[in-house]
1. Taking the chain as the region of interest, what is the percent of Cα-Cα pairs per 5 angstrom bin, listed from the shortest bin to the one with the maximum distance?
2. Please give me, ordered by residue number, the chymotrypsin sites (Phe, Trp or Tyr not before Pro) of the range 53-126 that lie in loop per DSSP and have at most 11 other Cβ atoms within 10 Å.
3. Taking a virtual spin label 7 Å from the Cα of residue 5 along the C-beta vector, which residues in the range 109-126 bring their backbone nitrogen under 11 Å of it?
Amino acid sequence: MISGIGVDLQNCTEFNPAYLQEGDPFCSRTFSQREQNEASSRPDPADYFAGRFCAKEAVFKALTVHAERIDLREIEILTGEFGEPTVFLSGQARKAAETQNIERVLISLSHSGSFVTAFAVAQTKE
């Protein structure tokens, strides 16, 4: 059963590559080490980060926990077995999902020109 949905839209050109280098405060506060590792293997890391940031925002909205303090690194968007974006929750994000009986969060990303959009669906246990 669907528990929550979230959508976000980002302009990739707003993601300054200088802020997305390993060790940069924005990068290290926003993206997990696993996400940073994936980005470094991509031809355009800034595009990857913009998509992942967009996806994190959509997941945050789908979890409907706007009042809670969740570290964005606790919402990881990694590449799945078939190249699909996959959501992994930890810490407070995982606790918020468990409180709502959310079993998994599905995410879809779409890039067009300089824009990326993400749509997230939180599913509860039936």
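No lab work stands behind these numbers, since they all come straight from the coordinates. Every value quoted in this text rests on a predicted model; they were computed, and no experiment measured them. When we count neighbours, we look across all protein chains shown, and the Cβ atoms used for this are built from the backbone with ideal geometry, even at glycine.
1. The percentages, shortest bin first, are 2, 12, 22, 25, 20, 12, 6, 2, 0.
2. Hits after loop and neighbour filter: 82.
3. Only 119-122 pass the distance filter.
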